[in-house]
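For reference, the structure discussed in these notes is given below.
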Amino acid sequence: MPSEHTWYLTEDLDDFLARAGDFPRSRPTLHTVLLTVTDTLRSRGPHAYGPRNPLYGVLGAQSGGVRAALLHTPPHPLNLTPLAPGAAAELAACLLARGHSVPGVSAEQETAAAFTAAWERATGVSGSLRQRQRLYRLGELTVPEPVPQGRARAAGAPDRELVRRWYEEFAAAVGQRASAAFAAEWADSRVADGGVTLWETPDGTPVAMAGVTPKSAGQIRVTTVYTPARLRGRGYAGAVTATVSRAAQQAGAQEVLLFTDLANPTSNGLYQRIGYRPVADFAVYGFAAGE
């Protein structure tokens, strides 16, 4: 049985969930990505995010108390829960011993910086900051005024191609990698489960979208808020975000969350006007060998 200071790595989701125990839900807000992604992998299979098998890990045995967890769905960055000092170097050594390639890391900013430094020391591969993010939690919802003309509606099967294209455009705008296959799978799954809402003008033209994750550990996360560049500045993003945020509350979510890119002051200001309040700052680093 591993000690509490040992990383245990596995490609078996059930094994990971058994060893992680209640840890993912012990801090559901900070662990939101871990919770929602593992739920997706459990429902849609191990290749929901790419053709390679995911890797999971826990720091510490269940009997000794789990201290941290990791999730990697290649080709996306490694996702880490907050780590104590020293754990990042141990993790880098474990991943290298396993021969596991890491294209980048996404985590709370101190953890992301610590792992990047550890990976650089262990491999000689340089890391670069790709994005600074802020995690927000919804407080009192306020619909931004003026509300643009039009209405919100759930995206349906006829909107699938539009949703796929907008997802690709969104990913490119925020510097994420999204293959055509992943964008198509994202559109299919979110449209099928009612996870995409469109804002349309009075003549029925869609002008913005917002996605949400399924409820997990009492929380729903707003994702992929997108308005095509030519249509921005008209209140569409605020209207659709307020709509899905209210719907999440009405669906019984104890917390409604979202991530923003800190390089975009417009979106950060908008979400705060709607009622979102900062929780923690995150960072995404890329490693040269994985570019």
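Exactly which trypsin sites (Lys or Arg not before Pro) in the stretch 21-68 are in a DSSP loop and have at most 16 other Cβ atoms within 10 Å? Kindly include the intermediate steps, with their values, before the conclusion.
On the way: sites: Arg25, Arg42, Arg44, Arg52, Arg67; in loops: Arg52, Arg67.
Here the trypsin sites (Lys or Arg not before Pro) that fit, given the DSSP loop and packing criteria, are Arg52.
So if I take the alpha carbon set of the stretch 95-149, get Rg, then get Rh from the Kirkwood formula, what is the Rg over Rh ratio? Write out the running numbers ahead of the final one.
Values: Rg = 18.6 Å, Rh = 14.5 Å.
So for the stretch 95-149, dividing Rg by the Kirkwood Rh gives 1.28.
Counting only C-alpha contacts under 8 Å and six or more residues apart, can you give the relative contact order of the chain as a whole percent? Present the calculation step by step, with values, prior to reporting the outcome.
Numbers: 552 pairs, mean separation 66.5, N = 291.
Relative contact order comes out at 23 percent.
Taking K and R as +1 and D and E as -1, what net charge do the other residues with C-beta under 14 Å from the C-beta of Ala118 add up to? Write down the numbers at each step before the final one.
Numbers: positive: Arg121; negative: Glu90, Glu110, Glu120.
Around Ala118, the charge tally is -2.
In deg cm²/dmol, rounded to 500, what helix-only [θ] at 222 nm does the chain give when every DSSP H run of at least 4 residues adds -39500 (n - 2.57) and the total is split over its residues?
Values: 9 runs with 104 residues, N = 291.
So the calculated ellipticity at 222 nm is -11000 deg cm²/dmol.
Arrange the following residues from fewest to most other Cβ atoms within 10 Å of their Cβ: Leu270, Leu262. Walk me through the numbers on the way to the answer.
Numbers: Leu270 19, Leu262 15.
By the 10 Å Cβ count, ascending, the order reads Leu262, Leu270.
What do you get for Rg/Rh over the stretch 1-152 if you use C-alpha atoms and the Kirkwood form of Rh? If you can, show how the numbers build up before the last one.
On the way: Rg = 17.4 Å, Rh = 16.8 Å.
Here Rg/Rh amounts to 1.04.
Read phi for every residue in the stretch 120-132 and hand back ³J(HN,Hα) as whole Hz from Karplus 6.51 cos²θ - 1.76 cosθ + 1.60, θ = phi - 60°, with x for Gly and Pro.
4, 5, 6, 10, x, 8, 7, x, 9, 5, 9, 7, 9
What net charge do the residues around Thr205 carry, taking every other residue with its C-beta under 14 Å from that of Thr205, with Lys and Arg at +1 and Asp and Glu at -1? Walk me through the intermediate numbers first.
Details: positive: Arg151, Arg153, Arg230, Arg234; negative: Asp159, Glu200, Asp203.
Cβ neighbours under 14 Å give a net charge of +1.
When the chain is fully extended, how far beyond the present Cα-Cα distance does His100 get from Leu30, taking 0.36 nm per residue of separation? Present the calculation step by step, with values, prior to reporting the outcome.
Details: separation 70, 0.36 × 70 = 25.20 nm, distance 2.51 nm.
So the chain would gain 22.7 nm between His100 and Leu30.
Apply the a/c threshold of 1.5 to the C-alpha gyration tensor of the stretch 140-274 and tell me whether it is rounded, prolate or oblate.
On the way: a/c = 1.23, a/b = 1.11, b/c = 1.11.
Taking the square roots of the gyration eigenvalues as a ≥ b ≥ c, the stretch 140-274 is rounded.
Using Cα springs under 10 Å in a Gaussian network model of the chain, which residue among Pro148, Pro85, Pro75 shows the largest mean-square fluctuation?
Top of the fluctuation ranking is Pro85.
How much length is gained on full extension from Ala263 to Thr6, taking 0.36 nm per residue of separation minus their Cα-Cα distance? Don't skip to the answer; put the middle values down first.
On the way: separation 257, 0.36 × 257 = 92.52 nm, distance 3.64 nm.
Gain on extension, Ala263 to Thr6, equals 88.9 nm.
Classify the stretch 154-211: rounded, prolate or oblate, from the alpha-carbon gyration tensor (a ≥ b ≥ c, eigenvalue square roots; a/c under 1.5 rounded; otherwise prolate if a/b is larger than b/c)? Intermediate values should be presented prior to the final figure.
Working: a/c = 2.22, a/b = 1.41, b/c = 1.57.
Because a/c hits 1.5 or more and a/b fails to exceed b/c, the stretch 154-211 counts as oblate.
Could you tell me the largest-minus-smallest coordinate of the C-alpha atoms of the chain on each of the three principal axes, in descending order and whole angstroms?
61, 37, 33
Throughout, read-outs are computed from the coordinates displayed, never taken from laboratory work. Keep in mind it's a predicted model, so treat the numbers as computed, not measured. Note that each Cβ is placed from the backbone with ideal geometry, even for glycine, and that neighbours are counted across all protein chains shown.
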